[in-house]
Amino acid sequence: MNKKYYITTPIYYPSANFHIGHCYTTIIADAIARYKRLSGYDVFFLTGTDEHGQKIQKKAEESNVSPQEYVDKIVENAKDLWKSLDISYDKFIRTTDKEHVEVVQKIFKKLYDQGDIYKGEYKGKYCTPCESFWTETQLIDGKCPDCGREVNEVSEEAYFFKLSKYQDRLVDYIENHPNFIQPQSRKNEMINNFIKPGLEDLCVSRTSFNWGVPVSFDDKHVVYVWLDALSNYITALGYLTKDDTLFKKYWPADLHIVGKEIVRFHTIIWPIMLMALGLELPKQVYGHGWLVINGGKISKSLGNYKDPRDYIKEYGVDAVRYFALREVPFGNDGNFSEDLLINRTNSDLANILGNLVNRTIGMSIKYFNGIVSNKEEKEDIDNDLINYAVKLKNKVDTNMDNLEISVALDNIFELFRKCNKYIDDTMPWVLYKDPNNYDRLSTILYNLIESIRIGAVLLQPFLPSTANKIFFQINTKQVAFDTLTKFGLYENNNHLNNPEVLFQRINMK
Ligand code: ME8
């Protein structure tokens, strides 16, 4: 039986104004999910929308529609964006789904019945845009430490979740499972800044608005939106329902990929909820950095971005995917601008990859009418290229396991760079002048096409549509990952299709 792999993105607040930063988590998760599928894992890839809470209720009021109408309309925007980015999710969960709401109610009741949730009174600060409670000492200059906006004083009857009871168990768990929080810097931040100073019990219900999951036994309360949202990772699998087959099969999650600002929720509240429910903890929470513009936030109010679909229309989906996967070492913050996107597309996709495929097919058609034949023994210069090509899969595997995604992609592009150099060194156009060289020339072109095939097979998870275009142009059916360990599986004496430009060079604006 195949090994299972369960990967999630955060569930997004529904929005009409997604920007390239929002696409970041999901493109990365998609590449990992596709990589695992091609490696033979039975993958479940979850994404969705986080639709409750005060922020959504306010937006609906501003638009004069009910919150449900508001989210129903806008959720399509997320689905459309993921479609345009070729996101291969297995399930899209909405926190307004009936099955989710019922299970959140059951979870809340279970925690209450066993004494982990109790009733009290909440007095403190609340940041509505972040849906976060803060204590006075956590504020910076009296403002929300995450987003710098005003916080409100709230004072209401509320239910509390006994985080404090689980503090020592959580610290033990994190220390004994070094991969649980990654990268390491985020783990240190969580332990030193949040957990060790002491966890306070968390307010987990609100009464001052009603757009949320009602507490089943006290319906003037709605469940705190983060408790509701985090539960999606298990409600999506049918936890506490009649049919919990998926839950039994896929839980615990192998990887929750989240932005760095929400690592706190995923490595404190979420594991404590799971401990209280007697469930296993996810194997890893990875907190990635942000895409920023000129070092600052991508912001609707600053008007410094376009809809990601505009970039896709202009430069192609794989240019956008490639930028997100390649430009920034995974884990760090990185700058985004249209110029940087154009530079990356020109330097790697057009100059290295596009040019290689185009000129190799062009030469094969010109010299041998597009027939690719492996004729001669290999020479030293061939073996250098071949050795790199057959070892590439292992290298990429290791980097993908360590979530060094940008390095993994660079490993693949190193093969394409080596191919370009191999063309410059072997000079097929010189060999073509003398018919005595034709067998050698044919073998050189075979080596190039086979290397392009190997690179394209590995590119599938990252640039799915480009990989398919290459397979069509070189006319191969050898596209599975298990064709990667041997050089020479490209169909001998095969006929190429006509080359088509994969990436046009773009003029800088
Ligand atoms: O946080 N660069 O949803 P969300 C990189 N609903 N990533 C960015 C980014 C940027 N500039 N801007 C946003 C939520 N993101 C909650 C999650 S999960 C149980 C609930 C990422 O719509 C952000 O870090 O605000 C997060 O991973 C994702 O977009 C969704 O953010």
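Miscellaneous remarks
- Selected residue [in contact with an Asp or Glu (Cβ under 6 Å, 6 or more places away or on another chain), under 30 Å from VAL43 (Cβ atoms) and part of a helix (DSSP H, G or I)] from THR443, THR398, THR466: THR466
Yes/no matrix, rows are residues, columns are (1) touching a Cys at 6+ places or on another chain (Cβ under 8 Å); (2) among the hydroxyl-bearing types (Ser, Thr, Tyr):
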site: CYS130; (1), (2): yes, no
site: THR135; (1), (2): no, yes
site: PHE160; (1), (2): yes, no
site: LEU163; (1), (2): no, no
site: TYR166; (1), (2): no, yes
site: LEU170; (1), (2): no, no
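- Filter pass, LYS375 being within 21 Å of THR476 (Cα to Cα), in contact with a helix residue (DSSP H, G or I) (Cβ under 7 Å, 6 or more places away or on another chain) and basic (Lys, Arg): yes
- When residues in the range 262-292 are screened for being in a loop (DSSP other than H, G, I, E, B) and touching a residue at least 24 places away in the same chain (Cβ under 8 Å), 8 of them pass.
- Taken over the range 26-56, the criterion of being polar (S, T, N, Q) and closer than 22 Å to ILE412 by Cβ is satisfied by THR26, SER39.
- Identity of the residue in the range 11-70, within 12 Å of the ligand (Cβ to nearest atom) and among the charged types (D, E, K, R), that ends up surrounded by the fewest Cβ atoms within 10 Å (Cβ to Cβ): LYS55
- For the range 1-116, the strands (runs of 3 or more DSSP E) that sit wholly inside it and include 3 or more residues that are under 30 Å from LYS165 (Cβ atoms) are 4-12.
- Residue within the range 374-383 that is among the aliphatic types (A, V, I, L, M) and surrounded by 20 or more Cβ atoms within 10 Å (Cβ to Cβ) present: no
- Top-ranked residue of the range 285-331 - restricted to ones that are within 12 Å of the ligand (Cβ to nearest atom), of a type in the set (Val, Ile, Thr) and surrounded by 21 or more Cβ atoms within 10 Å (Cβ to Cβ), ranked as modelled with the highest pLDDT: VAL285
- For the range 212-261, the candidate set comprises residues that are within 17 Å of GLU131 (Cα to Cα), of a type in the set (Val, Ile, Thr) and not in a helix (DSSP H, G or I); within that set, the residue that is nearest to the ligand (Cβ to nearest atom) is VAL258.
- Within the range 444-456, not a single residue is at negative phi, in contact (Cβ under 8 Å) with a residue 24 or more places away in the chain and surrounded by fewer than 19 Cβ atoms within 10 Å (Cβ to Cβ).
The values are calculated or read from the model by the stated rules, or taken from the named source; none is laboratory data. All figures in this text were calculated on a predicted structure; none of them were measured in a lab. All Cβ positions, glycine included, derive from the backbone under ideal geometry; neighbour counts span all protein chains shown.
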